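Notes to accompany the following structure.
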Amino acid sequence: KLGAWLNRLELKLGDQTCLVKRRGFFSMTFVVLDGEEQIGYVARDGWLTHRSIIDLPDAWPLPLQFFVFWTVLVLWKRMEASAT
């Protein structure tokens, strides 16, 4: 994690470095960037639901996709806790 208040994560995948970060300050969507290009995202399927939409690169191994989703879940929980 790059910072407690930044809500972003840097992933090193061999030679590739990706950034997972919030789309915007009020957004619950986290985008996955390879440089400036968005290659995936994790989002809530609405404001009042716990369902999620996960769109990550198919080339990534399933454990890596799960790790990114789990990390976003942790960040969502922190965001919800700080809002109350």
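Structure data summary
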read-out	value
Karplus 3J(HN,Hα) series, Hz, for the stretch 61-68 with 6.51 cos²θ - 1.76 cosθ + 1.60 (x for Gly, Pro)	x, 4, x, 5, 4, 4, 4, 5
Neighbourhood charge, 9 Å Cβ-Cβ cut-off, centred on ARG51 and excluding it, Lys, Arg +1 and Asp, Glu -1	0
Where labels lie 7 Å past Cα in the beta-carbon direction, separation of ASP58 and ALA81 in nm	3.8
Spherically averaged projected area in nm², based on the convex hull that wraps the Cα atoms of the chain	5.7
CD proxy at 222 nm, helix term only [per DSSP H run n ≥ 4: -39500 (n - 2.57); per residue of the chain; nearest 500]	-9000 deg cm²/dmol
Estimated distance in nm for a label pair at ASP15 and THR29, the labels positioned 7 Å out from Cα along Cα-to-Cβ	3.1
Dipole magnitude of the stretch 1-70, debye to nearest 20 (Cβ charges: Lys/Arg +1, Asp/Glu -1, about Cα centre)	420
From phi via Karplus (6.51, -1.76, 1.60), per-residue ³J(HN,Hα) for the stretch 76-83 in Hz, x at Gly/Pro	4, 4, 5, 5, 5, 5, 6, 7
LEU11 long-range amide H proximity, modeled H, under 5 Å	CYS18, LEU19, VAL20
Summed side-chain charge close to MET28 - residues other than MET28 whose Cβ falls under 9 Å, Lys, Arg +1, Asp, Glu -1	+3
Candidates LEU48, LEU13, LEU64, ranked by Gaussian network fluctuation over the chain, Cα under 10 Å, top entry	LEU48
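Where a number appears in this text, it was derived from the coordinates with a stated rule and is not lab data. From a predicted model like this one, the values you see are computed outputs, not experimental measurements. Using ideal geometry, Cβ is built from the backbone for each residue, glycine included, and neighbour counts are taken over all protein chains shown.
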